[in-house]
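What follows is calculated from the coordinates using simple rules that are stated; it is not laboratory data. As the structure is a computational prediction, the values presented were derived from the model and not from experiment. Reconstructed Cβ throughout: ideal geometry from the backbone, glycine too, with neighbour counts over all protein chains shown.
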Amino acid sequence: MNEQLGGLKKGMIVSPIENGTVIDHLPPGRAVRIAQMLGLMEGAVVIIGQNLKSTKYGRKDLIKVENRFLTDEECSRIAIFAPEATVNIIKNYELVEKRKVSIPDVVEGIAVCSNANCITNKEPVPTRMLTVSRSPVKMACHYCGYEVRAEDLRFRG
């Protein structure tokens, strides 16, 4: 019996992509924030699935980006918000590579220090956050030492 229905396998909610990246196993509610942080919403076809059923995690989010392949640095940024995420590379509808993300020791230029008195909020200084804890994920400003949980990080722009 053919389980393909309009290009979807039976039970499949999100359609497959021919070429690109699938970011899987994101905690529920994090996909939009991660897509914005990576600048994925600018020009690319992006499919975001939120609160999808997952046999391993109960619920999860998912991002599919057509014709875009993430760098190692972008994968590290994902790890800050989703340490269990996987980044899957798709070519000709086939999975060709599966990567686990890892939390970097240092994140530069994306997160803004939450301390209003920090030099990064007063002068044109590049931001730099240091990983203090990986479970739960906690970052500290390189300049002032202010600590923040990953889910409370703010971004430039």
Structure shown: which of K53/K138; K91/K138; K98/K138; K60/K138 lie over 23 Å apart, alpha-carbon to alpha-carbon? K53/K138; K91/K138; K98/K138
Below 12 Å, Cα to Cα, which aspartates and glutamates can K64 reach? Residues fewer than 8 away in the same chain don't count. E18, D24
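In nm, what is the difference between 0.36 nm times the number of residues separating E147 and V125 and their Cα-Cα distance? Don't jump to the answer; show the numbers that get you there.
Values: separation 22, 0.36 × 22 = 7.92 nm, distance 1.82 nm.
Answer, rounded to one decimal: 6.1 nm.
Using a Förster radius of 22 Å, what is the FRET efficiency between Y57 and Q36 based on their Cβ-Cβ separation? Nearest 0.05, please. Could you put the intermediate results ahead of the total?
Details: r = 22 Å, r/R0 = 1.00.
Efficiency for this residue pair is about 0.50.
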Give the angle, between 0 and 90 degrees and rounded to the nearest 10, that separates the Cα long axis of helix 72-81 from the longest principal axis of the Cα atoms of the chain. 80 degrees
With only helices counted (DSSP H, runs n ≥ 4, each -39500 (n - 2.57)), the per-residue ellipticity at 222 nm for the chain, to the nearest 500, works out to -3000 deg cm²/dmol
Projected onto the charge dipole of the chain (unit charges on the beta-carbon of Lys, Arg, Asp and Glu, signs +1, +1, -1, -1), the Cα from I63, I89, C141 with the largest positive-side position is that of I63
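How much length, in nm to one decimal, is gained on full extension between S133 and Y93, taken as 0.36 nm per residue of separation minus their Cα-Cα distance?
In short, 10.7 nm is gained.
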Distance from the range 109-157 to the range 38-64 (C-alpha centre basis), Å: 25 Å
